[in-house]
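Asker: One structure follows; several queries about it will come next.
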Amino acid sequence: MHIRVLGSAAGGGYPQWNCNHPNSRRARAGDPDAPQRTQSSIAVSCDGRHWLLCNASPDLRQQINDNPVLQPAADGPLRASPIQAVMLTNADVDHVTGLLSLRESQAFNLYATRRVLDVLAANSIFNVLNPAFVQRRPVTLERAFEPLRADGAPLGCSVTAFAVPGKVALWLEDAQRGVDVGAVTEDTVALEIRDDATGRRFYYIPGCARMTPELAARLRGAALVFFDGTLWVDDEMIRDGVGVKTGNRMGHLSVSGPDGTLAAFEGLDVARRIFIHINTTNPILIAGTPERRAVEAAGWEVACDGMQIEI
């Protein structure tokens, strides 16, 4: 199974367009220790030719241009794409906006929970995805399904979506109802993706508010986990003067601290652990920082755009 990291940053990318944080300045200056990153997304293929896109980043056009495997074949038809299906893990702006870049009547299947599909249906701008070409297929939690190519053939993998602690997307919050941070609902899901031919599998969890006993049991002994690496500490954006919300308020578990991701994964025996969806303020973005050395010493990797993995 081929895995390609298309984007590894959190919402807004790295650097964010209006961010003058020292991390962002280093990225804009072309510092080789602080390479720029687009917004979080991965692509998966069992044959190297037909691809499942996991989340559709606002940077999708750039990501396709940066990854030839997602471009039309030189000897193919005048309209074509190796992207055969898209799976959404939530309705966050940084995970659904890229759908608007796939509007040129190109056939593919769109998978998401009924909750997320209902959000798209309620927003008329997503009607640019012509239903004659794009089939919206609801996913049932905890039930494995086989994503299909546009022609109906199987992609060769099985996907199980399961709820993890999170919250409704920021743009869908209702102040009158309050925000149920840490809720386990269809608003935030993680994915287990399994190669049907080899049985090998991995987990993609770009957003998670906390580690639960159930999640820990599921991940124990896994070969590969991509996990939410948004912030180093919970009050990072407030402390650095670039925001007013904590990581927890946004539905993200911090990397460090006694209740953070590093501590939560201790003893889980996950063979390969990779942080993804990393905010522009997080010092693990920059090679050589104490925080980056700490995660590497703990056996973690920090995702970068273009990272290629085969399992």
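Values quoted throughout were computed directly from the atomic coordinates according to the rules given, and no laboratory measurement underlies them. Being a predicted model, the structure only gives us computed values, none of them experimental. A quick note on method: Cβ atoms are made from the backbone with ideal geometry, for glycine too, and the neighbour counts reach across all protein chains shown.
Asker: Enter the mean projected area of the convex hull around the alpha-carbon atoms of the chain, in nm², rounded to one decimal.
Answerer: Mean orientational projected area (the chain, Cα hull): 15.8 nm².
Asker: Now for a separate question. Of Gln39, Gln62, Gln16, which is the most mobile in a GNM of the chain whose springs link Cα atoms less than 10 angstrom apart?
Answerer: Gln62
Asker: Give the peptides 90-102, 283-295 in descending order of average Cβ contacts within 10 Å, highest first.
Answerer: Top of the packing list down: 90-102, 283-295.
Asker: Suppose every Lys and Arg Cβ carries +1 and every Asp and Glu Cβ carries -1, with no other charges. What dipole size does the chain come out with about its Cα centre, to the nearest 20 debye?
Answerer: 300
Asker: Counting pairwise Cα distances across region 1-107, what percent come out greater than 19 angstrom?
Answerer: Of all Cα-Cα distances in region 1-107, 46 percent exceed 19 Å.
Asker: Amide H to amide H, which residues 5 or more places from Arg272 or on other chains are under 5 Å from it, using H placed in the peptide plane?
Answerer: Sorted by chain and number, the residues that satisfy this are Leu224, Val225.
Asker: Assuming 0.36 nm per residue, please report the length gained on full extension of the stretch Glu310 to Trp17 beyond their Cα-Cα distance.
Answerer: Extra length available between Glu310 and Trp17 comes to 102.2 nm.
Asker: Specify which residue in the list Cys157, Ala91, Leu253 is farthest towards the positive end of the charge dipole of region 2-306, using unit charges on the beta carbon of Lys, Arg (+1) and Asp, Glu (-1), about the Cα centre.
Answerer: Cys157
Asker: I've got another one for you. Ordered by residue, what ³J(HN,Hα) values in Hz, to whole numbers, does region 301-308 give under the Karplus form 6.51 cos²θ - 1.76 cosθ + 1.60, where θ = phi - 60° and Gly and Pro are x?
Answerer: Per-residue couplings from phi come out as 10, 10, 5, 10, 4, x, 4, 10 Hz.
Asker: With both partners inside the chain, how many of the DSSP beta bridges are antiparallel, as a percent to the nearest 5?
Answerer: Just about 50 percent of them are antiparallel.
Asker: When ranked by the protection proxy of mean other Cβ atoms within 10 Å per residue, highest first, what sequence do the peptides 47-55, 137-145 form?
Answerer: 47-55, 137-145
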